[in-house]
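Comments concern the structure below.
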Amino acid sequence: MSALEMIAVTDVGIKRDHNEDCVGTDIQAGLAVLADGMGGHNAGEVASSMAVDLIIRLLKDGLKRFPEGELDEETGFSKEAVLARNSTVTANNVIIETAQAKPECAGMGTTVVVAVFYDDRVAVAHVGDSRMYLLREEYLSHVTEDHSLIQEQVRRGLLTAEDARNSAIKNLVTRALGVEKDVEADVVEDIARVGDIYMMCSDGLTDVVPDEAIRLTMLEHGNNLQASAQALIDLANDAGGPDNISVIMIRVKASVSRKKGFFSQLFGGK
Amino acid sequence: MSTKLILKFKDTVISEFELNQEETTIGRKDENIIHIDNLAVSSRHARVLKIGKKVILEDLESTNGTLVNGQETSKHILKSGDVITVGKHTLTFVSLEDGVEVGKEEQAESDMDKTMIISASAREEMMGTKGSSDSSNSNAAAAPMLLGTVQYISGPLMGKVVDLKASLTNIGKGENCKIRVKGMLVGKQAAVITRRPTGYHIAYLEGMSKPKVNGKTLTSAPTTLKEGDIIELNDTKLEFFIRK
């Protein structure tokens, strides 16, 4: 999809000796997936890469089965959004089965955040504390809300956002793939406008870099996504790099559509 | 690690400020954390950001500028002993580090940085909801999404209720808008209401005429909708409700 530009970067950080994060994109299909694995030995990597590979495959396959931007009457969401959620649930079941079949994979899990761009919109499904942000004009906003103990406490007014940042238990996620059979993936849709920059990341960035620093960094680098993503990773590493850090950036360059051919994209045909 | 700024005027110490917040603002107006009432200081002059272990000074395009050790700067990573000049006042940056203590903390921190999944029962205990009458709420992880509606409270459609069941509800003069608003300056897609697991948000999208919520003009950054909020665009007024 030439209407989009995508950059994915993953970094082991400073304190860890291996990278359990995984990122994947398919620009033609308008897809981006980021996962932050957890679990002993190398099981975290297995879980995160399974999630990314499987979800991208399920999405690419599923998107061929219905016309773009159709509404799913039952949920009020687009079919793309429902597919993103279902693919996430399927990945959960496959990860659980694998963990049960292979002793070395027991106890593995992963967060995931999935984006599908279509028809000037974006559908996002997520589980856990990997996030998506949107930079539109000079404003940075959260597209997803973490499934973490801290975030739940903030939502119920038990903690302030400031307390949350300083909390020692911000790494406790309440939902992840690979843990329980009936995982609930949150789904959000939004309008994707020309000029928008979407940023997906693992908590290796957001635990140590505040939103305002993310916003200023993204504004400073503007359309240079590669430099922007690298600058964010450098910020996290400068702050100690306690965890793996992954960043996917997606810039909307032109009106997004799967239907449009190369020429109509090029000449801006509607 | 403790960091502070010592405010001086002509070598006389006026006060000390612990930098225990993410952002510490410096300026002439009362609302600044470090408030310096002097005309040489801009209303929002500069700020100090704590990012991990770094402390960064940033000039906020002040009229008379911000100096660090005599050099004009727009952004500077502070080192202990740096002297910041704002108008006729100076702020000395002091960073106190107790080597042994910091080392210990880091060790403890690195174990806690690893992402862990918390079991449902432990979660309930930590949320303080276990066994309480609040049990319906304890399962917030899978709470059903709220259904919101808007009701026209002005114009020919007054009284009409529109359910916000869709993930996106467009407001504007375009044909694809569920809530149509006419007007020269109204954008085809003036605003969008998004339905999220955490509630409803509204954001401005396009057009000269910008929607307002409770009289406040919207921006491109989403605003959370609360029960009873009044959404206004041109001559259309809507009230937002949550279906009970």
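Things worth noting here:
- Listed by position, the strands (runs of 3 or more DSSP E) inside region A:62-158 whose residues that are crowded, with 23+ Cβ neighbours inside 10 Å and either facing chain B (nearest Cβ under 9 Å) or within 17 Å of the chain's Cα centre (by Cα) (or both) number at least 3 are A:109-118, A:121-127, A:131-136.
- Residues in region A:159-169 that are within 30 Å of residue A:46 (Cβ to Cβ) and either more than 10 Å from chain B (Cβ to nearest Cβ) or surrounded by 14 or more Cβ atoms within 10 Å (Cβ to Cβ) (or both): A:167, A:169.
- Residue selection: residue B:92 fails the criterion of being closer than 30 Å to residue A:127 by Cα, modelled with pLDDT of 70 or more and surrounded by fewer than 19 Cβ atoms within 10 Å (Cβ to Cβ).
- Criterion: touching a helix residue (DSSP H, G or I) at 6+ places or on another chain (Cβ under 8 Å), within 14 Å of chain A (Cβ to nearest Cβ) and modelled with pLDDT of 90 or more - qualifying residue of B:167, B:138: B:167
- Test: residue in region A:124-131 that is closer than 17 Å to residue A:29 by Cβ and touching a residue at least 60 places away in the same chain (Cβ under 8 Å): yes
- Restricting the first member to region A:1-20 and to residues that are assigned to a loop (DSSP other than H, G, I, E, B), and the second to residues that are among the β-branched types (Val, Ile, Thr), the beta-carbon pairs closer than 7 Å and six or more apart or on different chains are A:1/A:27; A:1/A:256; A:3/A:252; A:3/A:256; A:13/A:245; A:18/A:12; A:19/A:10; A:19/A:12.
- Qualifying residue in region B:41-61 (condition: more than 14 Å from every other protein chain (Cβ to nearest Cβ), of a type in the set (Val, Ile, Thr) and either surrounded by fewer than 20 Cβ atoms within 10 Å (Cβ to Cβ) or touching a Gly at 6+ places or on another chain (Cβ under 6 Å) (or both)): yes
- Residues of region A:218-248 satisfying the condition of being hydrophobic (A, V, I, L, M, F, W, C), within 19 Å of residue A:130 (Cβ to Cβ) and modelled with pLDDT of 95 or more: A:218, A:225, A:229, A:232, A:233, A:235, A:236, A:245, A:247, A:248
- Only one entry in A:251, A:215 is at pLDDT 95 or above, basic (Lys, Arg), surrounded by fewer than 22 Cβ atoms within 10 Å (Cβ to Cβ) and part of a helix (DSSP H, G or I), namely A:215.
- Some residue of region B:212-223 being within 15 Å of residue B:162 (Cβ to Cβ) and either buried (at least 20 other Cβ atoms within 10 Å of the Cβ) or more than 20 Å from the chain's Cα centre (by Cα) (or both): no
- Against the numbered list (1) modelled with pLDDT under 95; (2) among the small types (Gly, Ala, Ser); (3) in contact with a helix residue (DSSP H, G or I) (Cβ under 7 Å, 6 or more places away or on another chain), residue A:257 comes up short only at (3).
- Meets criteria (modelled with pLDDT of 65 or more, away from chain A (no Cβ under 14 Å) and assigned to a loop (DSSP other than H, G, I, E, B)) for residue B:145: no
- Residues of region A:193-209 satisfying the condition of being within 11 Å of chain B (Cβ to nearest Cβ) and farther than 20 Å from residue B:116 by Cα: A:193, A:194, A:195, A:196
To keep it simple, each residue is scored yes or no on (1) out of contact with any Asp or Glu (no Cβ under 6 Å at 6 or more places or on another chain); (2) free of Cβ contacts under 8 Å to residues at least 60 places away in the same chain.
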| site | (1), (2) |
| --- | --- |
| A:192 | no, no |
| A:198 | yes, no |
| A:202 | no, no |
| A:215 | yes, no |
| A:222 | yes, yes |
| A:232 | yes, yes |
| A:238 | yes, yes |
| A:241 | yes, no |
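- Filtered by the rule that a residue be more than 7 Å from chain B (Cβ to nearest Cβ), touching a strand residue (DSSP E or B) at 6+ places or on another chain (Cβ under 9 Å) and without any contact (Cβ under 8 Å) to a residue 60 or more places away in the chain, region A:170-190 gives a lone residue, A:170.
- For the condition within 25 Å of residue A:179 (Cα to Cα) and either aromatic (Phe, Trp, Tyr) or modelled with pLDDT under 95 (or both), residue A:50 does not qualify.
- Per the conditions (1) hydroxyl-bearing (Ser, Thr, Tyr); (2) outside any helix (DSSP H, G or I); (3) within 14 Å of chain B (Cβ to nearest Cβ), the sole criterion not satisfied by residue A:25 is (3).
- Among the conditions (1) modelled with pLDDT of 95 or more; (2) more than 27 Å from residue A:209 (Cβ to Cβ), residue A:105 misses just one, which is (1).
The values are calculated or read from the model by the stated rules, or taken from the named source; none is laboratory data. None of the values given here were measured: they were computed from a predicted structure. Backbone-built Cβ (ideal geometry, glycine too); neighbour counts: all protein chains shown.
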